[in-house]
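The values are calculated or read from the model by the stated rules, or taken from the named source; none is laboratory data. Please read these numbers as outputs of a predicted model, since none were measured by experiment. Reconstructed Cβ throughout: ideal geometry from the backbone, glycine too, with neighbour counts over all protein chains shown. SASA here: full protein model, heavy atoms, side chains in, ligands and nucleic acids out. Shrake-Rupley method; radii C 1.70, N 1.55, O 1.52, S 1.80 Å.
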Amino acid sequence: MRRLMVFGFLLAFALSGSSVWAQPNFVVIFCDDLGYGDLSCFGHPTIKTPHLDRMAHEGQKWTNFYVGASVCTPSRAALMTGRLPIRNGMMSAKRRVLFPNSNGGLPAEEKTIAEYLKTKSYATAAIGKWHLGHLPQYLPPNHGFDDYWGIPYSNDMDSQKGFPNYRTEARKDPNYFAPIEQYQVPIVHNLQEVEKPANQHTITQRYTDRAVQFIRDHQNEPFFVYLAHNLPHIPLYAGEKFLGNSPRGIYGDVVQEIDHGVGQILQTLRDLKLDEKTLVVFTSDNGPWLPFETHGGSAGLLREGKGTTFEGGMREPTIFWWPGTLQPGVQSEMGATMDLLPTFCSLAGVKPDPDRVLDGYDLSGLIRGETQTSPRDRVFYWREEELYAVRYGHYKLHFITSGCYGIGPAKEVLEKPELYNLSVDPSEKYNIAAENEEVVKFLTGVAHEHRKSLQPVENQLEK
Ligand code: MG
């Protein structure tokens, strides 16, 4: 009798909610060049994102969430491996990202989120932009993904001659879109090219449809979907139903189409009764590409954008959603895309290999509400192959500053580092280094210790 009662109790406990769900599903929706200020729930006045707003309302809006680098390739390497890209050769001063003529990519010895989750029999899909190497050995099927469908590098690559200059046209018309033939970017399914040039007018909806289908097909097993939209990176394209909808111009149409897709994915999870078993994270790879003016996004109150180590380059509009587990609200503790690997591993019961340095922190305690404090107390802002700045707590110290490539301001190795208190001055306007010598000294020491943890590696972007 007693045994039966114990069994009954255990059964009730096992069925009582998502907190005891052994293997939650994970969905990461990763945008390209979306700025901190580009969603209505992050303050945009004319872009309407009702589905992301609802996601934030039901989940958590993260206001201090970072990426590992301010441009595509290294940022994606950081998310996928939980490591700063300086550790695996995925950042360079000569070529900041991978190009169609690159021979490098994410090294085979790096272990991705998907590879870790495969050890617990997760079904894994990568949909959208990869940008961690387009040669077969670097593509998602060789990095732990069962299925891949998307573009292998940026949507503005393999640009053809004889077409109008995008920047010039974009400046003239906030609704401009380029002929798709201008960019000979292929769609690759697993290791095979299946479309060239990619029809970018329909690509956002097709990514969403594939994510929805994958979730439906794998509803009875744990899954990980990495959905990396290649928009709103320029050139901008929106589906017919979305073109002309937003007073913000085509940039707004694009973001609203992505928002619509997020709504479809979350609704699929609700319909399949997987919402309480699935952690969904929405964020972006880097800040807005400001030289494209109205065709680039907005970092809101944050300084600068893509390519820079100011907050606008590396702090992203982020939403976590996991009904029944996450306490809804605004999360102002620090987090980063690099934290997803250790966090997902922890939630799935996987132990990351002890033989490699991880730069990510396990946020599972914060997600479950067991603690109110993030284990992440610092952020390292790398650009090219140099440490430009460090954040510890509220303080951020810049050693080197530089604007977006092409438009400046030019790189400056600061004679005296600049200190900002990001809690009272999120726009990095008021340098308080002179008044806070002890803080400057402490952060300089944190940076020094961090640099000592690095080993030289082969550069993948220069191959
Ligand atoms: Mg990007």
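Figures for the structure shown
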| quantity | calculated |
| --- | --- |
| The chain: antiparallel DSSP beta bridges as a percent of all, rounded to 5 | 55 percent |
| Pairs of lysine residues in the stretch 328-460 - Cα separation under 20 Å, sequence separation of 8 or more or cross-chain | 9 |
| Where trypsin sites (Lys or Arg not before Pro) fall in DSSP loop in the stretch 262-348, at most 11 other Cβ within 10 Å | Lys273 |
| Accessible area expressed per residue, the chain, with surrounding protein chains retained (probe 1.4 Å, Å²) | 40 Å² |
| Relative contact order (percent, whole number), the stretch 322-463, Cα cutoff 8 Å, 6+ residue spacing | 14 percent |
| The stretch 379-452: radius of gyration and largest Cα-Cα distance (Dmax), Å | 12.0, 36 |
| Counting DSSP beta bridges with both ends in the stretch 113-257, the antiparallel % (nearest 5) | 40 percent |
| Farthest toward positive dipole pole in the stretch 150-278 [+1 Lys/Arg, -1 Asp/Glu at C-beta], among Gly249, Leu266, Tyr226 | Gly249 |
| Those lysines that a straight Cα-Cα span of less than 21 Å connects to Lys463, excepting residues fewer than 8 apart in one chain | Lys94, Lys111, Lys129 |
| For the stretch 218-360: rounded, prolate or oblate by the Cα gyration tensor [a/c cutoff 1.5] | oblate |
| Loop-located trypsin sites (Lys or Arg not before Pro) in the stretch 397-450, at most 15 other Cβ atoms within 10 Å (DSSP) | Lys411, Lys429 |
| Prolate/oblate/rounded call for the stretch 240-298, Cα gyration tensor, a/c under 1.5 rounded | oblate |
| Mean separation of Cα contacts under 8 Å (6+ apart) over length of the stretch 246-365, as relative contact order % | 18 percent |
| All-pairs Cα distance distribution in the stretch 39-155, expressed in whole percent, bin size 5 Å | 2, 11, 18, 18, 16, 15, 11, 7, 1, 0 |
| Helix-only [θ]222 nm of the chain, DSSP H runs n ≥ 4, -39500 (n - 2.57) each, per residue, nearest 500 | -7500 deg cm²/dmol |
| Accessible surface of the chain [probe 1.4 Å, protein heavy atoms]: carbon and sulfur percent | 53 percent |
| Exposed GluC sites (Glu not before Pro) absent - longest run of the chain, DSSP non-H/G/I/E/B, at most 15 other C-beta within 10 Å | 110-239 |
| Convex hull per residue volume in Å³, alpha carbons only, for the stretch 135-236 | 101 Å³ |
| Where trypsin sites (Lys or Arg not before Pro) fall in DSSP loop in the stretch 70-101, at most 14 other Cβ within 10 Å | Lys94 |
| Whole-number percent relative contact order across the stretch 23-376, with pairs defined as alpha carbons under 8 Å at least 6 apart | 31 percent |
| Prolate/oblate/rounded call for the chain, Cα gyration tensor, a/c under 1.5 rounded | rounded |
